[in-house]
Structure formats: C-alpha cells, structure tokens
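Laboratory data are not the source of any read-out in this text; all were calculated from the coordinates shown. Note that the structure is a prediction, hence the values are computed from the model and not measured. For neighbour counting, all protein chains shown are included, and Cβ atoms are generated from backbone atoms with ideal geometry for every residue, glycine included.
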Amino acid sequence: MAALAIEFNDHVKRRYPDAEAAIRLASMDGLSVLGGLPHDKEVIQEILKETWESADDWFQT
C-alpha cells in the first residue's frame, strides 16, 4: 500500500501541487476528498483510477 500512496501522491501533485493525499485501509471501498470543488473529486477519482491501472509500470514486488 505504501507504493500506491507514493505513486498516487506524485500523480496528484502534478495537478494539485499543494495537495497531500492519504491512503488508508477501510472496510468499504470509497473515496473522500476534503476541501476543493465538487469537480475536484471527479478529477482525483480519475487520477486514482489511472494510478491503479498503471501499477504494472511502477509497482515492483
């Protein structure tokens, strides 16, 4: 999970340089975006999807 958090933060900071993302385990899938505009959650959701789908490029076991 640490690798995902690092990569996701890198992707988020490209669009939102002052943002800090935290990834935590939870019992349910979900995304919470604190602050920002409603459109920001959609953008963050897309960044997370792209980050996850590109895991083969950055995740090493």
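Here the gap between Leu25 and Glu42, fully extended at 0.36 nm per residue and compared with their Cα-Cα distance, gives a gain of 4.1 nm.
Charging the Cβ of each Asp and Glu at -1 and of each Lys and Arg at +1, and nothing else, the dipole of the chain about its Cα centre rounds to 200 debye. Both the radius of gyration and Dmax for the chain are 11.6, 36 Å, in that order, over alpha-carbon atoms. Projecting the Cα atoms of Leu37, Tyr16, Ile6 onto the charge dipole of the stretch 6-61, computed from C-beta unit charges around the Cα centre, puts Leu37 farthest toward the positive end. Per the helix-only calculation at 222 nm, which mean residue ellipticity applies to the chain, given -39500 (n - 2.57) for every DSSP H run of n ≥ 4 and division by its residues, nearest 500 deg cm²/dmol? One gets -17000 deg cm²/dmol as the mean residue ellipticity at 222 nm.
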